[in-house]
2 protein chains.
Amino acid sequence: MGKKIGKRTLEFSSAPHIAGAAAVVGKKEGEGPLAADFDMIFDDDYAGAKSGEAAENKFQTEAARLAVEKSGFAETDIDGIFSGDLQNQCTGSHYAMRSFDIPYIGLYGACSTATESLMMSAAMIDGGFFENVLCGTSSHFCAAEKQFRFPLEYGGIRTPTSQWTVTGAGFSVLSKNTGGVRITCATVGKIIDMGVCDINNMGGAMAGAAADTLTAHFEDTGRNQNDYDLILTGDLGVVGSDIFCDVMYDAGYDIYSVHKDCGKMIFDIENQDVHSGGSGCGCCASVLYGHILKEFERGKYKKAIVAATGALMNPQTVLQGESIPATAHLIVIEACAGD
Amino acid sequence: MGKKIGKRTLEFSSAPHIAGAAAVVGKKEGEGPLAADFDMIFDDDYAGAKSGEAAENKFQTEAARLAVEKSGFAETDIDGIFSGDLQNQCTGSHYAMRSFDIPYIGLYGACSTATESLMMSAAMIDGGFFENVLCGTSSHFCAAEKQFRFPLEYGGIRTPTSQWTVTGAGFSVLSKNTGGVRITCATVGKIIDMGVCDINNMGGAMAGAAADTLTAHFEDTGRNQNDYDLILTGDLGVVGSDIFCDVMYDAGYDIYSVHKDCGKMIFDIENQDVHSGGSGCGCCASVLYGHILKEFERGKYKKAIVAATGALMNPQTVLQGESIPATAHLIVIEACAGD
């Protein structure tokens, strides 16, 4: 039975376990510092498909199939899927997930979908509805550039604050009945608009939402940064991470030494020409399900916060003069007792 | 505590109640047969805004505020929001909901969002996490035409199977602690692709998903059409409704006399030049929260199925030669005992 702590934090007393997880990434990600921890690296970013959109479907399907396989469950054991992505009308997920004969619940949280889908999966298990849930998300550099900025052939010049959309997908099977790391609670994001209008500064637009959710988490639980050995954000990048840590410091929480950001980790910022770092739904999902879970297995982490952030605009709203609202959903991952 | 019945049906033993609901529609909808049951009709479809997109935000904000007001709760009593819409990256919801200081969980189910949001709200209440949840969705004719078909100024000719996107929004507050009609169970949709590639035949593309979910509901619960005094679909329109009822008949369920479709109800099909009927997220939401709930109050219905359907493509996937996947999420609404 679920429970709410404070104003926005969901406690999962049954602590659903990640029974299996997989991260599938593209060539550039496979040349980055986390390469050894990904389950599959496609040398061809199109994965044999004819478009970036269709390729994203393949990445998502592969990651989902691998996650199910690694969980040890059959497809028929999975009660539901939570997924979503950045493509218009979330077609990255729909065309991938139609190959699974499993009830499907679609989410939209932009790049926060990695943790939004985990949060909802954990809630459905802890609430008594489901036993095993498949969840995840993806992004693809070519599909995202075409849709949000310019076709690649245009050769647009990128600003210093811009981020590089990760080509990758990450999925996990969350289960009531197995071992593995546990999801013990989640803090739900609000929609926070800091008034940022620069579509090439997603990190800046999202930093406020990350700070809002993390502060709410600390207030709801009575915890602080000393209770965690990692506070991981999704894709704030270099620019957004600095703002985020500064805002948290001003709020009384010194998280500089415990904070990491998937967008800064997945690429070699100095040498891979990604400006402020990686971004996209697939950034947090592939780093979480590839690298971070393996760090838990290696004993490096025992208790971590993962707060994936999402920018909730579209190119048209920005052209219409709107600022960029954002959100961040936060989950807590803990090693199994005895691990 | 929640429970799953059969393969895909969620039972809500605490049976969350609809404490308040509101439907806000545009001019054409306000000239249709259900006009008397809507809470607010804008004579100006732009509602004073400069674009269809910004107008949709206003419709959604108005419907949500009215639903909260009618529920008797303060905004601070609401634990969370589930919403989504058809605009790219669901900006119809994000820009509307940023004016509420409430945790927000974004969904994408295309036109199935009306019931997807109710299903998830009921699950979060029944699972023990939330007490009061605001949920709903919207669509806007001008925003949808521009995005999915042609700018209005182009004057494109519509095919006989095409549907007219409803300008409207519907929201409700679902609550653990009040009276009102109850949500007693839900059956989760799968992604069903019937191979339809005609973007002007959404009803045909979605009929299979509606039949799949309704059949699963009957199998999971051991019920059939005789257990309900209404089986309502979201926006199959004339074409899709015929296919849906025929498919159900072939599966052994004669639902012709108990079936209605919001897309056929909201407009005067003969005289309002809407071809196959209404469509869009706002179609099911405004008919459900405007007309159907008032029919429950008037004692016409005691136990109804509402299955909102959603087509899960985008214009680009169709241009790339893909067929149109669809889904349908089903909820059961029952009058309070004693009503």
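The values are calculated or read from the model by the stated rules, or taken from the named source; none is laboratory data. Note that the coordinates shown come from a computational prediction; the quantities given were computed from them, not determined experimentally. Backbone-built Cβ (ideal geometry, glycine too); neighbour counts: all protein chains shown.
Taking the range B:85-99 only, how many residues are of a type outside the set (S, T, N, Q) and either over 25 Å from A:N88 (Cβ atoms) or at the interface with another protein chain (Cβ under 7 Å from one of its Cβ atoms) (or both)?
The total comes to 5.
Out of (1) in contact with a His (Cβ under 9 Å, 6 or more places away or on another chain); (2) of a type in the set (S, T, N, Q); (3) more than 14 Å from every other protein chain (Cβ to nearest Cβ); (4) farther than 24 Å from A:L10 by Cα, what's the single condition that is false for A:N271?
The one condition A:N271 does not meet is (1).
When you scan the range A:194-271 for helices (runs of 4 or more DSSP H) that lie fully inside it, which ones turn up with 1 or more residues that are among the aromatic types (F, W, Y) and free of Cβ contacts under 8 Å to residues at least 40 places away in the same chain?
Passing ranges, in order: A:202-221, A:237-250.
Tell me which residues, restricted to the range A:1-16, are assigned to a loop (DSSP other than H, G, I, E, B) and at the interface with chain B (Cβ under 10 Å from one of its Cβ atoms).
The answer is A:M1, A:G2, A:K7, A:R8, A:F12, A:S13.
Out of all the residues in the range B:241-250, which are surrounded by 15 or more Cβ atoms within 10 Å (Cβ to Cβ) and of a type outside the set (F, W, Y)?
Across the range B:241-250, the qualifying residues are B:S241, B:D242, B:I243, B:C245, B:V247, B:M248.
Just one of A:A36, A:A19 is away from chain B (no Cβ under 13 Å), part of a strand (DSSP E or B) and within 25 Å of A:V173 (Cβ to Cβ); which is it?
A:A19
Pull up the range B:300-315, narrow it to residues that are of a type in the set (A, V, I, L, M, F, W, C) and part of a strand (DSSP E or B), then point me to the one that is nearest to the other protein chains (Cβ to nearest Cβ).
For the range B:300-315, the residue satisfying everything is B:A311.
Would you tally the residues in the range A:157-187 being of a type in the set (A, V, I, L, M) and in a loop (DSSP other than H, G, I, E, B)?
3
Of the residues A:I231, A:I243, only one is more than 14 Å from every other protein chain (Cβ to nearest Cβ) and under 18 Å from the mean Cα position of the chain (by Cα); which?
A:I231
Free of Cβ contacts under 8 Å to residues at least 24 places away in the same chain and not basic (K, R): is that true of B:G84 in this structure?
When the stated conditions are applied, B:G84 does not pass them.
List the residue pairs whose Cβ atoms are under 7 Å apart, where the first residue sits in the range A:15-40 and is within 21 Å of A:Q272 (Cα to Cα), the second is surrounded by fewer than 21 Cβ atoms within 10 Å (Cβ to Cβ) and of a type in the set (V, I, T), and the two are 6 or more positions apart or on different chains.
A:V25/A:I41; A:G30/A:I41; A:A35/A:I41
Name the residues in the range B:123-163 that are more than 24 Å from B:Y95 (Cα to Cα) and in contact (Cβ under 8 Å) with a residue 60 or more places away in the chain, would you?
Hits for the range B:123-163 are B:A123, B:I125, B:D126, B:G127, B:G128, B:R158, B:T159, B:P160, B:T161, B:S162, B:Q163.
Would you please name the residue that is surrounded by the fewest Cβ atoms within 10 Å (Cβ to Cβ), looking only at residues in the range A:274-299 that are touching a residue at least 12 places away in the same chain (Cβ under 8 Å) and not in a helix (DSSP H, G or I)?
A:G299
Only one of A:V68, A:V25 is among the β-branched types (V, I, T), within 18 Å of A:F141 (Cβ to Cβ) and more than 12 Å from every other protein chain (Cβ to nearest Cβ). Can you tell me which?
After applying the criteria, what remains is A:V25.
Here is a list: A:C111, A:C142, A:C90. Which entry is of a type outside the set (V, I, T) and over 27 Å from B:F82 (Cβ atoms)?
Result of the check over A:C111, A:C142, A:C90: A:C142.
Which numbered condition trips up A:T165, out of (1) at pLDDT below 95; (2) farther than 30 Å from A:D126 by Cα?
Unmet for A:T165, out of (1) at pLDDT below 95; (2) farther than 30 Å from A:D126 by Cα: (1).
Looking at (1) crowded, with 24+ Cβ neighbours inside 10 Å; (2) touching a residue at least 40 places away in the same chain (Cβ under 8 Å); (3) at the interface with chain A (Cβ under 8 Å from one of its Cβ atoms); (4) part of a helix (DSSP H, G or I), which one does B:A54 not meet, given that it meets all the others?
Of the numbered conditions (1) crowded, with 24+ Cβ neighbours inside 10 Å; (2) touching a residue at least 40 places away in the same chain (Cβ under 8 Å); (3) at the interface with chain A (Cβ under 8 Å from one of its Cβ atoms); (4) part of a helix (DSSP H, G or I), the odd one out for B:A54 is (1).
When you scan the range A:64-82, do you find a residue that is crowded, with 20+ Cβ neighbours inside 10 Å, among the charged types (D, E, K, R) and within 30 Å of A:T317 (Cα to Cα), even just one?
no
Which is within 14 Å of the chain's Cα centre (by Cα), at the interface with chain B (Cβ under 9 Å from one of its Cβ atoms) and not hydrophobic (A, V, I, L, M, F, W, C), of A:G109, A:G128?
From the options A:G109, A:G128, the qualifying one is A:G109.
Could you say whether any residue in the range B:318-331 is more than 17 Å from the chain's Cα centre (by Cα), within 14 Å of chain A (Cβ to nearest Cβ) and assigned to a strand (DSSP E or B)?
Yes - at least one qualifying residue is present in the range B:318-331.
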